[in-house]
Structures are given as structure tokens and as C-alpha cells.
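A.B. asks: I have a structure here, written as C-alpha cells, and I will follow up with some questions on it.
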Amino acid sequence: MPSSIPDISAAPQPGVPAPTNPRVTSTPGASDALTQHDVARAHQLTDHIRRRFSKALIGQEELRESLITTMVAGGHILIESVPGLAKTTAAQTLATSVSGSFRRVQCTPDLMPSDLVGTQVFDFSTQRFTTQIGPIHANFVLLDEINRANAKTQSAMLEAMAEGSTTIGGERIMLPRPFMVIATQNPIEEEGTFNLPEAQMDRFMMKAVMSYPTADQEVAMLQMLARRGSDVVDPKMDREDVISIQDVDFLCRAAKRVHVSDAIMQYAVDLVETSRGAGPKPIHGLSARVRLGASPRASIAFIRIGQAAALMAGRDYVIPEDIKRFAHEVLRHRILLTFEALADGIEADQIIDSIVQVVPVP
């Protein structure tokens, strides 16, 4: 479906200077630098997605920004909350904001890898095997209650998330671009669930944790449902707010061209190193509470998320606040606590608060 958003980058406006930042040097290579029109177009596209969220969800602004930022950064996101807080609705809203393909998979203990990636079926008419691709071959894949899938299926998910491809009958099949996994999990149920492998958790660029809405937001939600006449979001609503796959591709490519200074890169590394007990100002006694800190993939996530956040804010350069804003989402699933910390009721977010507080801001 063609986008209804005009490509304003195709029509330069005379007399409008390109955005500058006196605190950092310009990005090397004039052809790689973002223009004023690129930044304006990106801001316009993300505003369309925000408006669509406002028609489907009440509150949850942090989750909305996390979802959109992860999409622009080209990553995957894990959403955790108790039942009934609209995890699935939020994921469907983002997916249906784009004209690309969307599939929802309800994970269960008996879900097999072939149910997810596809399989080979023998065709008696041609006496040959034909490949039937599975639901993971889509631009946006919602893996509902991902922690209910067994270990064998988790490995198939990991291949898709890490390699951007699947293997069916020895044949490697590339996934469509963009490809984004939006996974949800319920933290309070243990029966019939499997812990996600650490390698797979590390593949999620962010982990968002949803909280209960306020009383006013809950009343507004009921009023919205009464006006809509349905408890389920209609994916065909307001088709004029839908952007195209080409628009998403533009956002992802533009985000990678946002300038990141050496000081910002060092700040991201310092945050990650501090989680390992090192960094410019190590936290005393951290080893008694953290048994494994964040990997270098967290540093990469910080930079990609910072670039996307800057672009969505209408800037062509990253500032420290772009990194700090998503510190909890980037680190909380990459920090493993000791048994003593868990017994004392310490949470990963408390450790991250200490890390953000002690690391000097450039």
C-alpha cells in the first residue's frame, strides 16, 4: 500500500539552513550527512505512528516510545507485564501502523520449530517437496507469551532474530526487511513456562516493563471502548495513518546516519562497563549483587537507540539524554543478579539507577 506521507526530502526548500550542532563535529562525508528535509520527514512519519497509538491505547507513552524507537533502530523488543495491560494491543498497533506483513504467534509448550519457520511438504502431483514458509516470515512478528515456547522452538526463534533468516530442509531463506520481533511475557506464571536463554535475551534490543494505568487513564480507557463499541482494535481503522514499508526503511537508514560523537560512544561504554564492575567509577560491592554484567551488544544497542531517539526528536546528532532515557530498557534484561540480591529483593532496575547516577555525563 503506498504511503500517504509525502516525501518532503525530494523537494528542497530554499533559504532553510541545515541543522547544526556546535558541540560536535560534522559527520564525515557530505553524502552520508542527514539533511534538514530528511530529519523533518522522519519526524513527520513517527508523529503519524504516535497519532495511531493515541486512537488505540490510553497512556503507556513510555511503551509507545520504546516500540517506535526499537523499530527505527532496527531491533527487537521484549514486553513484560501482568495480564490485561494491553501488551498485545500495543504490539498490534505498531505493526498495523505500517503497510507491511504482520503475523501473531501464540506460543505454547507444544509449539514446534516447523510451526514457526515452516516445513517441506511432499507434493504428489509433482513428486517433489515444496517449501511452506511459516508465520515468522513477516515484517512484524508478535510472539505472544514467548516464555511458553520450548527450548527447541526458542532456538529457531534465536536463529531468525540473530541471522535474519531461517533454515528449512537445509535451504536458507532470508526474512523480509524490515524484520522486527515483538515478544511478550507474563512474569507471574511459572507453570508451563521456560526461561529464555541468555543468548536470546541479549538479542532483544530493549525490554519494556508495563505498569498499571492510573485511575483517570482507566476511566478514559473505558470511555474509549464505549465510543468504539468493541474491545478489540480494528486493524483497518484509519488507513490514512498507515505508513509504507519504504517509509520504515527510510527511517532505519536515516537513523544510522545520525552523528554520534566520541564522547557519547565513551559514555555508552562506561555505562556498560560499570555494570561489569569496572568503568570510570566502579560501584563498591557490585559483585555481591551482580553475577554477570551487560555484554558489548548493550553498547551497540545504546548507540542504535540513541541515534533513533535523536532522529525522532528532530536532531541529526545524539546527546547524552538520548542514552540515559533508555538505560533501563537496554540493560535490565542483560544484568544477572546473584542469589543473595534476589533473596534481598533487589531488582535490576535498582542496579541500573546506581549505574546511571555514578557514571559521569559528557
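A.B. asks: Starting from residues that are over 21 Å from the mean Cα position of the chain (by Cα) and in a helix (DSSP H, G or I), keep the ones in the range 265-283 and report whichever is surrounded by the fewest Cβ atoms within 10 Å (Cβ to Cβ). First the steps, then the outcome.
C.D. replies: Just the residues of the range 265-283 that are over 21 Å from the mean Cα position of the chain (by Cα), to begin with: 266-267, 270, 273-283.
With in a helix (DSSP H, G or I) added as a condition, the list becomes 266-267, 270, 273-275.
Numbers: GLN266: 14, TYR267: 22, ASP270: 20, GLU273: 20, THR274: 25, SER275: 25.
Per the criteria, the residue is GLN266.
A.B. asks: Filter the range 83-109 down to the residues that are part of a strand (DSSP E or B) and either out of contact with any strand residue (DSSP E or B) (no Cβ under 8 Å at 6 or more places or on another chain) or open to solvent by 40 Å² or more (accessible area, probe 1.4 Å) (or both) and list them by number.
C.D. replies: Residues of the range 83-109 part of a strand (DSSP E or B): 98, 102-106.
Matches in the range 83-109: PHE102, ARG103, ARG104, GLN106.
A.B. asks: Can ALA162 be described as aliphatic (A, V, I, L, M), open to solvent by 30 Å² or more (accessible area, probe 1.4 Å) and in a helix (DSSP H, G or I)? I'd like the intermediate steps shown before the answer.
C.D. replies: Working: aliphatic (A, V, I, L, M): yes; open to solvent by 30 Å² or more (accessible area, probe 1.4 Å): yes; in a helix (DSSP H, G or I): yes.
In short, yes.
A.B. asks: LEU286 - would you say it is within 21 Å of PHE204 (Cβ to Cβ) and open to solvent by less than 20 Å² (accessible area, probe 1.4 Å)? Break it down into steps so the answer makes sense when it comes.
C.D. replies: Numbers: within 21 Å of PHE204 (Cβ to Cβ): no; open to solvent by less than 20 Å² (accessible area, probe 1.4 Å): yes.
For LEU286, the condition - within 21 Å of PHE204 (Cβ to Cβ) and open to solvent by less than 20 Å² (accessible area, probe 1.4 Å) - is not met.
A.B. asks: Further question: Residue by residue through the range 294-330, note down the ones that are among the hydroxyl-bearing types (Ser, Thr, Tyr) and in contact (Cβ under 8 Å) with a residue 40 or more places away in the chain. I'd like the intermediate steps shown before the answer.
C.D. replies: Step one: of the range 294-330, the residues among the hydroxyl-bearing types (Ser, Thr, Tyr) are 295, 299, 317.
Hits for the range 294-330 are SER295, TYR317.
A.B. asks: Sticking with this structure for a sec: Picking from VAL181, VAL121, VAL117, which residue would you name as being of a type outside the set (Asp, Glu) and closer than 20 Å to LYS87 by Cβ?
C.D. replies: VAL181
A.B. asks: Restricting attention to helices (runs of 4 or more DSSP H) lying wholly within the range 308-362, give those where 3 or more residues are over 20 Å from PRO296 (Cβ atoms).
C.D. replies: Those helices (runs of 4 or more DSSP H) span 339-343, 348-358.
A.B. asks: Give GLN223, GLN217, GLN185 a once-over and let me know the one that is of a type in the set (S, T, N, Q) and under 30 Å from ILE136 (Cβ atoms).
C.D. replies: Details: GLN223 fails: under 30 Å from ILE136 (Cβ atoms); GLN217 fails: under 30 Å from ILE136 (Cβ atoms).
Unique residue meeting the criteria: GLN185.
A.B. asks: Test ILE58 against the stated conditions and say whether it is at pLDDT 85 or above and not assigned by the TED database to the domain that holds ARG297. Give the steps one after another, and end with the answer.
C.D. replies: Values: at pLDDT 85 or above: no; not assigned by the TED database to the domain that holds ARG297: yes.
Spelling it out, it is not the case that ILE58 is at pLDDT 85 or above and not assigned by the TED database to the domain that holds ARG297.
A.B. asks: Anything in the range 119-148 that is of a type outside the set (D, E, K, R), surrounded by fewer than 21 Cβ atoms within 10 Å (Cβ to Cβ) and not in a loop (DSSP other than H, G, I, E, B)? List them, or say none.
C.D. replies: Across the range 119-148, the qualifying residues are THR119, GLN120, VAL121, PHE122, PHE129, THR130, THR131, GLN132, ILE133.
A.B. asks: Right, here's the next one. Select from the range 125-159 the residues that are of a type in the set (A, V, I, L, M, F, W, C) and touching a Phe, Trp or Tyr at 6+ places or on another chain (Cβ under 8 Å) and write down the one among them that is modelled with the lowest pLDDT. Full working, then the answer.
C.D. replies: Step one: list which residues in the range 125-159 are of a type in the set (A, V, I, L, M, F, W, C), which gives 129, 133, 136, 138, 140-143, 146, 149, 151, 156-158.
Of the ones still in play, those that are also touching a Phe, Trp or Tyr at 6+ places or on another chain (Cβ under 8 Å) are 129, 138, 140-142, 149, 151.
On the way: PHE129: 81, ALA138: 89, PHE140: 90, VAL141: 91, LEU142: 90, ALA149: 87, ALA151: 84.
Across the range 125-159, the extreme among qualifying residues is PHE129.
A.B. asks: Can you tell me which residues in the range 185-233 are open to solvent by less than 60 Å² (accessible area, probe 1.4 Å), at pLDDT below 85, farther than 30 Å from LYS152 by Cα and not in a loop (DSSP other than H, G, I, E, B)?
C.D. replies: Those that are open to solvent by less than 60 Å² (accessible area, probe 1.4 Å), at pLDDT below 85, farther than 30 Å from LYS152 by Cα and not in a loop (DSSP other than H, G, I, E, B): GLN217, MET224, LEU225.
A.B. asks: Could you check how many residues of the range 328-362 are under 25 Å from ALA263 (Cβ atoms), open to solvent by less than 40 Å² (accessible area, probe 1.4 Å) and touching a Phe, Trp or Tyr at 6+ places or on another chain (Cβ under 8 Å)?
C.D. replies: Counting residues in the range 328-362 that are under 25 Å from ALA263 (Cβ atoms), open to solvent by less than 40 Å² (accessible area, probe 1.4 Å) and touching a Phe, Trp or Tyr at 6+ places or on another chain (Cβ under 8 Å) gives 2.
The values are calculated or read from the model by the stated rules, or taken from the named source; none is laboratory data. Just so you know, these numbers come straight off a predicted model, no measurement behind them. Glycine gets a Cβ as well: all are built from the backbone with ideal geometry, and neighbour counts include every protein chain shown. Accessible surface areas use protein heavy atoms only, side chains included; no ligands, DNA or RNA. Shrake-Rupley method; radii C 1.70, N 1.55, O 1.52, S 1.80 Å.
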